[in-house]
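Everything on this sheet refers to the single structure shown next.
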Amino acid sequence: MEAFVPVCPPINPKKVHTIMTRFEIRLPGIMASLLPVFAIFFTLLGKPDAHAQSEFEGYFPENATFLEEITTPSEFFGFEVGERHVTHDEILFYLRHLAEQSDRVILEQYATTHEGRPLIMLTITSPENHLSLERIRQTHLLLSDPSQSDDLDLERMPAVVNLGYSVHGNEASGANAAVLMSYYLAARTGEDFESSLDEMIILLDPALNPDGVQRFAGWVNQHRSVNSSVNASEAREFNEVWPGGRTNHYWFDLNRDWMPVQQPSSRGRVRMFQRWLPNLLTDFHEMGTNSTYFFQPGVPERTHPLTPQRNQDLTMAIAEYHADALDAMGELYYSRETFDDFYYGKGSTYPDIFGSVGILFEQASSRGSAQESIHGILTFRETIENQVATSLSSLQAARELRTDLHDHMRTFYSDVMEASRSPVKAWVVGDASDPARLAHFTDILLHHDVDVFDLAQNLTIGQTSFERGQAVIIPAEQTRYLFLKSLFERRTEFADSVFYDVSSWTLTDAFHLPVAEVYASRFNDGLKGDAWSLDENFQIPEEGRLTGGRSQVAYLMEWSDYYAPRALYTLQQHGFRAKVATKSFTAATPVGVKTYPQGTVLIPAGDEMIDKDRLWSVIREVVREDGVNVMSLNRGLTVSGADLGSPSFVPVTMPKIAMIVGDGVRSYDAGEVWHLLDQRYHIPVTMIDKQDLSGANLQDYNVMVLADGRYSDLGSAMTEELKNWVADGGTLITLRGAVQWAASQNWVDLAYVKDSDGESDTHSPRRPYDQYSNDRARDFIGGSIFQGTLDLSHPIAYGYQNESIALFRNTSIFLQPTENPYATPLRYADEPLLGGYVSDENLEKLSGSASITIHRLGNGRILSYLDNPVFRAFWFGTNRLLMNGIFFGDTIRSGTAQ
Ligand SMILES: [Zn+2]
């Protein structure tokens with residue numbers, strides 16, 4: 001940390017310096033007319049600082065004046081913003097320094113990244129507002145309470161603006177602009193500017209992805225040359241090595257996590273959002289070097305239908321301010337194309353379902369310090385200039401339109417409450433066999449300030465029964481009604497067939513949780529038990545049940561609990577042996593006769609080699625820490641089905657897992673596997689880079705995961721070695737694209753679903769040229785939800801109790817079920833669409849096709865997963881499919897594999 005000792009000037013409180021810039025952006029009338037007066041006045045007070053003049057040239061409005069007591073970025077860093085890429089450490093240290101210097105700025109840490117970096121938020125407003133900040137916040141929140149919002153004096157309420165930068169760490173102009181904006185807001189002087197601070201509460205989040213910002217800044221800075229290769233896009237400076245700085249530590253795209261909140265940064269950030277409900281939220285990104293500048297609105301037809309039109313009208317009104325600012329700079333830009341406002345998990349769309357307005361900005365990226373583009377040389381400094389300009393235009397818009405923005409929020413919530421008085425009075429969700437999944441589901445809702453209650457009475461709706469205390473009830477009549485609707489609905493009709501991201505995210509499907517709508521005839525307040533409250537550090541499930549005392553024979557562990565794999569691994573790590581039941585059985589237990597399904601784990605306790613005290617203590621530990629239910633048995637003879645010593649209990653080998661990573665492997669998919677094993681299940685996975693694979697001793701592992709990606713570059717020797725490893729008894733798990741690679745090596749025998757009847761394409765009807773992109777997009781499944789059917793007796797399905805399961809799909813690979821009738825344990829239903837967009841042709845191909853197939857290669861197994869069972873860490877319902885492959889893949893009988 002000592003490396004960043006700042007160069008601080010002595011503080012000289014009364015001096016102000018003037019900044020001359022080479023152009024001006026449009027200023028509010030009064031501010032512009034007063035500027036010359038201020039300039040002369042302040043010039044008399046203090047001598048302009050020549051260094052500072054160039055420091056801000058192009059960044060700030062002409063003649064803007066600043067308090068000299070506030071340290072400029074160059075005084076602090078020893079270089080100007082734009083000269084090289086600031087690291088996250090530098091941002092952090094500078095902003096802490098600013099917060100100490102300025103009575104306009106409060107800094108707080110709202111979360112910590114996986115790599116231990118603080119996520120910080122600056123609250124910037126006038127010193128007077130700071131004195132009553134909590135009262136201002138409480139008043140602002142009344143906008144979301146229709147019973148009180150009519151009495152608010154909107155014109156007197158400050159606008160709340162959340163400026164957020166560089167959620168993608170390698171889109172660096174944002175985080176660098178954030179440094180300048182922080183200085184500007186802390187140091188700018190002038191009557192008009194100061195009164196603007198009275199009219200705004202600015203929440204400035206300088207770097208939404210500190211780990212990625214740090215990774216990228218390190219990359220660019222270490223490859224800088226004095227003589228830069230500006231016109232060589234292939235230069236190392238512009239091309240990070242895998243996995244790059246876009247994502248967070250576990251290679252998650254944080255700009256998809258606003259709804260699922262599975263990463264610590266998003267959890268903290270969403271709490272900050274809900275604490276304030278800002279009127280306007282900005283999200284600064286970069287795009288390809290040859291592009292120009294984009295600001296929302298996006299493609300109008302692709303706005304989520306639950307977002308009110310007024311939100312888009314305001315987005316357009318705000319866009320006029322960005323257009324003015326960029327026109328004044330002579331910058332080209334565009335809007336209403338390419339990007340959309342559909343998925344509520346994105347930073348610029350999330351606010352739209354909470355009465356706020358989210359705005360996406362995309363700046364052409366220079367990647368390094370300068371790079372040639374089709375528009376000439378694009379310097380890093382220019383990219384920052386544009387982000388500063390639209391930051392300022394956003395603030396100007398928020399200030400001038402604040403009454404409209406407040407009115408929008410007030411109307412939004414009064415409309416929501418009106419709509420919430422619908423025939424559906426509540427949703428009930430729950431699965432008595434697995435409280436952990438329900439707790440994680442509820443954790444997501446609580447982060448978004450949804451009101452959730454325990455179900456206080458048993459309730460059966462249709463075919464589904466919910467048990468008191470094992471389910472939650474979520475009343476429809478609440479301010480989060482529209483957001484809830486987006487989580488519960490299964491939408492299959494769309495105005496457009498193109499999606500920037502997923503088209504469906506039905507949360508109960510993702511969690512494999514039964515849900516029912518409660519209509520007025522069944523609803524009463526007596527159904528509501530205790531309210532759930534948010535535990536921001538929620539990680540572990542509640543304690544499981546341990547029935548019976550110490551056993552001399554064996555313990556049985558139910559496999560239906562979400563954290564059962566963690567418990568099993570813990571037991572194995574302590575050296576205890578485990579077996580799994582391949583058939584169901586009925587045993588006499590201390591609490592009566594009980595039937596156990598296949599997948600139940602048996603821990604033998606009787607052998608004299610076993611340290612029974614230690615086993616008892618580990619059993620108690622996993623019940624406590626992992627929430628699993630364990631039964632202690634003292635008799636090996638069962639009531640019916642297999643006895644405990646039966647060969648239908650087969651040994652479970654402790655998994656030693658490797659995953660191939662590196663260039664060509666899709667880092668999101670690999671990162672999701674890494675995150676699941678490391679964070680949730682506490683199971684080590686050795687990630688081996690492709691280029692280091694030849695030096696690895698594969699015999700150290702018994703499970704190998706190939707996530708989606710390209711493997712054709714492994715080389716023939718390495719490919720052969722991998723094949724031999726499988727043939728020697730390894731379990732190879734291939735996901736999505738890796739399935740096709742294994743097929744291309746003839747390791748697995750797969751049959752693709754053919755296109756519908758081969759009509760000749762020589763007479764294809766002509767299509768309009770400008771429809772090409774849309775036509776192509778129709779062929780993709782960008783992220784939709786389909787129904788699969790499981791063979792519940794198969795090891796892949798252990799722990800599931802319902803053969804119907806929702807699957808997330810974002811591939812267009814269609815495979816026929818295997819010829820071996822036992823080798824497709826998971827296939828699609830005949831009418832599989834649950835939610836999201838799919839073309840009729842693709843839907844037909846998908847119907848009845850395979851999702852998971854099992855193959856034999858020598859003594860080993862290859863498991864082909866066509867779909868991603870760990871999507872974005874919130875598809876809790878399908879995680880077990882992967883864990884079953886890891887633990888039980890090698891137990892699958894060879895005759896049942898293709
Ligand atoms: Zn981005």
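Residues in the range 824-851 that are under 27 Å from V726 (Cβ atoms) and either surrounded by fewer than 18 Cβ atoms within 10 Å (Cβ to Cβ) or of a type in the set (G, A, S) (or both): 3 in all.
Taken over the range 294-331, the criterion of being open to solvent by less than 20 Å² (accessible area, probe 1.4 Å) and either in a loop (DSSP other than H, G, I, E, B) or within 16 Å of the ligand (Cβ to nearest atom) (or both) is satisfied by F294, F295, Q296, P297, G298, V299, H304, T307.
Entry remark, the range 108-163: residues being in a strand (DSSP E or B) and in contact (Cβ under 8 Å) with a residue 40 or more places away in the chain number 15 in total. Exactly one residue out of I854, I805 is open to solvent by less than 30 Å² (accessible area, probe 1.4 Å), β-branched (V, I, T) and under 30 Å from the mean Cα position of the chain (by Cα): that is I805. Every residue in the range 252-293 that is within 15 Å of the ligand (Cβ to nearest atom) and either assigned to a loop (DSSP other than H, G, I, E, B) or among the basic types (K, R) (or both), please. Result: F252, D253, R256, D257, W258, G288, T289, S291.
What do you reckon, is G288 open to solvent by less than 20 Å² (accessible area, probe 1.4 Å) and touching a residue at least 40 places away in the same chain (Cβ under 8 Å)? Don't jump to the end; show me each part of the working.
Values: open to solvent by less than 20 Å² (accessible area, probe 1.4 Å): no; touching a residue at least 40 places away in the same chain (Cβ under 8 Å): yes.
For G288, the condition - open to solvent by less than 20 Å² (accessible area, probe 1.4 Å) and touching a residue at least 40 places away in the same chain (Cβ under 8 Å) - is not met.
Within the range 153-167, being small (G, A, S) and either touching a Phe, Trp or Tyr at 6+ places or on another chain (Cβ under 9 Å) or within 16 Å of the ligand (Cβ to nearest atom) (or both) holds for G164, S166.
Checked against (1) in a strand (DSSP E or B); (2) open to solvent by less than 10 Å² (accessible area, probe 1.4 Å), P655 meets all criteria but (1).
Can you say whether N170 is in contact (Cβ under 8 Å) with a residue 12 or more places away in the chain, within 30 Å of V213 (Cα to Cα) and away from the ligand (no atom under 16 Å from the Cβ), as far as the supplied structure shows? No; evaluated as a whole, the condition is false for this residue.
Yes/no matrix, rows are residues, columns are (1) out of contact with any strand residue (DSSP E or B) (no Cβ under 7 Å at 6 or more places or on another chain); (2) within 16 Å of G799 (Cα to Cα):
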residue	(1), (2)
D525	yes, no
E542	yes, no
G549	no, no
A554	no, no
W559	no, yes
Y563	yes, yes
R566	yes, yes
T570	yes, no
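Residue count for the range 720-752 under the criterion of being surrounded by fewer than 15 Cβ atoms within 10 Å (Cβ to Cβ) and of a type in the set (S, T, Y): the result is 2.
Looking only at the range 343-358, which residues are over 30 Å from N221 (Cβ atoms) and within 16 Å of the ligand (Cβ to nearest atom)? Y343, G345, T349, Y350, G358 - these are the residues of the range 343-358 that are over 30 Å from N221 (Cβ atoms) and within 16 Å of the ligand (Cβ to nearest atom). Of the strands (runs of 3 or more DSSP E) contained entirely in the range 564-621, those carrying at least 1 residues that are without any contact (Cβ under 8 Å) to a residue 12 or more places away in the chain and open to solvent by less than 70 Å² (accessible area, probe 1.4 Å) fall at 592-596.
For the list (1) at pLDDT 95 or above; (2) more than 36 Å from the chain's Cα centre (by Cα), I need the number of the one condition that V628 fails. Condition not satisfied by V628: (2). Of all residues in the range 660-683, those satisfying the criterion of being over 20 Å from the mean Cα position of the chain (by Cα) and surrounded by fewer than 21 Cβ atoms within 10 Å (Cβ to Cβ) are G662, D663, G664, H682. Within the range 224-243, not a single residue is part of a helix (DSSP H, G or I), within 16 Å of the ligand (Cβ to nearest atom) and either more than 13 Å from E115 (Cα to Cα) or at pLDDT below 95 (or both).
Is one or more of the residues making up the range 173-188 within 16 Å of the ligand (Cβ to nearest atom), among the hydrophobic types (A, V, I, L, M, F, W, C) and not in a helix (DSSP H, G or I)?
From the range 173-188, those within 16 Å of the ligand (Cβ to nearest atom) are 173-178; that's our starting set.
Those still in the list that are among the hydrophobic types (A, V, I, L, M, F, W, C) too: 175, 177-178.
Checking which are not in a helix (DSSP H, G or I) leaves us with none.
Within the range 173-188, none of the residues are within 16 Å of the ligand (Cβ to nearest atom), among the hydrophobic types (A, V, I, L, M, F, W, C) and not in a helix (DSSP H, G or I).
To keep it simple, each residue is scored yes or no on (1) within 30 Å of E558 (Cα to Cα); (2) touching a residue at least 60 places away in the same chain (Cβ under 8 Å); (3) in contact with a strand residue (DSSP E or B) (Cβ under 7 Å, 6 or more places away or on another chain).
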position	(1), (2), (3)
L395	no, yes, yes
L401	no, yes, no
D404	no, yes, no
E418	no, no, no
A426	no, yes, yes
G430	yes, yes, yes
I444	yes, yes, no
V452	yes, yes, yes
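List pairs: first residue in the range 810-836 and within 17 Å of R490 (Cβ to Cβ) and in contact (Cβ under 8 Å) with a residue 60 or more places away in the chain, second residue aliphatic (A, V, I, L, M) and assigned to a strand (DSSP E or B) anywhere in the structure, Cβ distance under 9 angstrom, at least six positions apart or on different chains. Going by the 9 Å Cβ cut-off, the qualifying pairs are L833/I785; L834/I785; L834/A806; L834/L807; G835/I785; G835/A806; G836/I785. When residues in the range 538-563 are screened for being of a type in the set (S, T, Y), assigned to a loop (DSSP other than H, G, I, E, B) and within 15 Å of I619 (Cα to Cα), 2 of them pass. In the condition set (1) away from the ligand (no atom under 16 Å from the Cβ); (2) in contact with a Phe, Trp or Tyr (Cβ under 6 Å, 6 or more places away or on another chain); (3) of a type in the set (S, T, Y), T139 is compliant with all but (2). Scan the range 551-563 and give yes if some residue there is touching a Gly at 6+ places or on another chain (Cβ under 6 Å), within 30 Å of M272 (Cβ to Cβ) and either among the hydrophobic types (A, V, I, L, M, F, W, C) or open to solvent by less than 10 Å² (accessible area, probe 1.4 Å) (or both), otherwise no. Yes, the range 551-563 contains at least one residue that is touching a Gly at 6+ places or on another chain (Cβ under 6 Å), within 30 Å of M272 (Cβ to Cβ) and either among the hydrophobic types (A, V, I, L, M, F, W, C) or open to solvent by less than 10 Å² (accessible area, probe 1.4 Å) (or both). Screening the candidates G82, G78, G46 for the property of being at pLDDT 95 or above, of a type outside the set (V, I, T) and surrounded by fewer than 18 Cβ atoms within 10 Å (Cβ to Cβ) yields one hit, G78.
So which residues in the range 454-466 are in contact (Cβ under 8 Å) with a residue 24 or more places away in the chain and open to solvent by 20 Å² or more (accessible area, probe 1.4 Å)?
D454, A456, Q457, I461, G462, T464
Looking across the range 375-393, the residues that are in contact with a strand residue (DSSP E or B) (Cβ under 8 Å, 6 or more places away or on another chain) and either modelled with pLDDT under 95 or among the aliphatic types (A, V, I, L, M) (or both) come down to I377, L378, I384. Residues that are in contact with a Lys or Arg (Cβ under 7 Å, 6 or more places away or on another chain) and at pLDDT 95 or above within the range 412-447 comprise just one, H447.
The values are calculated or read from the model by the stated rules, or taken from the named source; none is laboratory data. Everything numeric here is computed off the predicted structure, so don't read it as measured data. Every residue, glycine among them, receives a Cβ derived from its backbone with ideal geometry; neighbour counts consider all protein chains shown. To get the accessible areas, we keep the full protein, side chains included, count just its heavy atoms, and leave off ligands, DNA and RNA. Shrake-Rupley method; radii C 1.70, N 1.55, O 1.52, S 1.80 Å.
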